[in-house]
Amino acid sequence: MNTIQSIIVAIVEGLTEFLPVSSTGHMIIAEKLLDIQETEFTKVFTVAIQLGAILAVVVLYWKKFFDFKNWQFYVKLFVAVIPALLFGFLFSDKIDALLESALTVAVSLLVGGIILLFIDNMFNHPTIDSEKEVGYKQAVIIGIWQCVAMIPGVSRSAASIIGGMQQKLTRSAAAEFSFFLAVPTMLAATVYKLYKHFKEVGAFTSHEITQLAIGNLVAFIVALLAIKFFIGFLKKFGFRIWGIYRIIAGIIMLLLIWQGIIR
């Protein structure tokens, strides 16, 4: 992976991490089209650059993350992330194996897109418009919904937002809670991935460290813009447009698999 390739993949990560379109699916497509050879480092890279995206959430919502008087906020995130931590720990190897299946990603993009076409009508009577109104039981249920995204192509953002709407959150409140939940979830996934890499492969080379630094910086900047855009867009238009986009992306990926461009 060269610098240009790492920048492009990081742009894709920053754009798609918080949108309901599956950042994993898009990065797989980008890597294949860029002819990036799959190595242990590229597997770590696609996870580790999530740190940049995490930082974007913390910066945009810094008052929330550093309001230590509001201890309930931290407890809600803690209980909400427990299902993903348990599921990820128990099924880590199977999840990694699924990540190698482009067909799984393509089908998930397609099916998820069809679901998003109808989400706005399915959960159209929200009663919760703020994170402060989210109870602990609701936080856990949203965390369980998030686990569905361990199937590549589903989208962590889509799963947790749908979970929030199912628990009576408004679209914008569900999206913001999804952003907050992303911080401990993605941080835990990144730390675990880095730990496994150091344990099984060893330290990164200077070139790899440079690529990780560039990737995180680019993902941070792009994610800042993507989050601001998404909240405004979601309030105004809902999920239907994202469903259409996912269906198109899924079909394109299936065609690329059929043509042998993606294996």
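Numbers at a glance
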| item | result |
| --- | --- |
| Answer from 75, 107 - the residue that is touching a residue at least 24 places away in the same chain (Cβ under 8 Å), more than 21 Å from the chain's Cα centre (by Cα) and in a helix (DSSP H, G or I) | 75 |
| Matching entry among 153, 112, 143 (being over 26 Å from residue 195 (Cβ atoms) and small (Gly, Ala, Ser)) | 112 |
| Criterion: surrounded by fewer than 14 Cβ atoms within 10 Å (Cβ to Cβ) and either in a helix (DSSP H, G or I) or on the phi < 0 side of the Ramachandran plot (or both) - qualifying residue of 45, 87, 68 | 68 |
| Subset of region 148-162 (residues that are crowded, with 23+ Cβ neighbours inside 10 Å, among the aliphatic types (A, V, I, L, M) and outside any helix (DSSP H, G or I)) | 154 |
| Identity of the residue in region 15-32, assigned to a helix (DSSP H, G or I) and touching a Gly at 6+ places or on another chain (Cβ under 7 Å), that ends up surrounded by the most Cβ atoms within 10 Å (Cβ to Cβ) | 25 |
| Selection count where residues are farther than 18 Å from residue 239 by Cα, in contact (Cβ under 8 Å) with a residue 60 or more places away in the chain and either in contact with a His (Cβ under 6 Å, 6 or more places away or on another chain) or aliphatic (A, V, I, L, M) (or both), scope region 9-40 | 6 |
| Residues (assigned to a helix (DSSP H, G or I), in contact (Cβ under 8 Å) with a residue 40 or more places away in the chain and either touching a Cys at 6+ places or on another chain (Cβ under 8 Å) or surrounded by 17 or more Cβ atoms within 10 Å (Cβ to Cβ) (or both)) located in region 118-139 | 119, 131, 139 |
| Of residues in region 236-247 being in contact (Cβ under 8 Å) with a residue 40 or more places away in the chain and of a type in the set (A, V, I, L, M), the one surrounded by the most Cβ atoms within 10 Å (Cβ to Cβ) | 247 |
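Each row is one residue, and each column tells you yes or no for (1) in contact with a Leu (Cβ under 9 Å, 6 or more places away or on another chain); (2) under 25 Å from residue 83 (Cα atoms); (3) assigned to a helix (DSSP H, G or I); (4) of a type outside the set (Ser, Thr, Tyr).
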site	(1), (2), (3), (4)
179	yes, yes, yes, yes
184	yes, yes, yes, yes
207	no, no, yes, yes
213	no, no, yes, yes
217	no, no, yes, yes
225	yes, no, yes, yes
236	no, no, yes, yes
242	yes, no, yes, yes
254	yes, no, yes, yes
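Rundown of residues vs (1) free of Cβ contacts under 8 Å to residues at least 24 places away in the same chain; (2) more than 22 Å from residue 1 (Cα to Cα), yes/no style:
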| residue | (1), (2) |
| --- | --- |
| 163 | yes, yes |
| 166 | no, yes |
| 170 | no, yes |
| 175 | no, yes |
| 181 | no, yes |
| 185 | no, yes |
| 191 | yes, no |
| 197 | no, no |
| 205 | yes, no |
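Laboratory data are not the source of any read-out in this text; all were calculated from the coordinates shown. Everything quoted here is computed from the prediction, not taken from an experiment. All Cβ positions, even for glycine, are placed from backbone atoms using ideal geometry, and neighbour counts span all protein chains on display.
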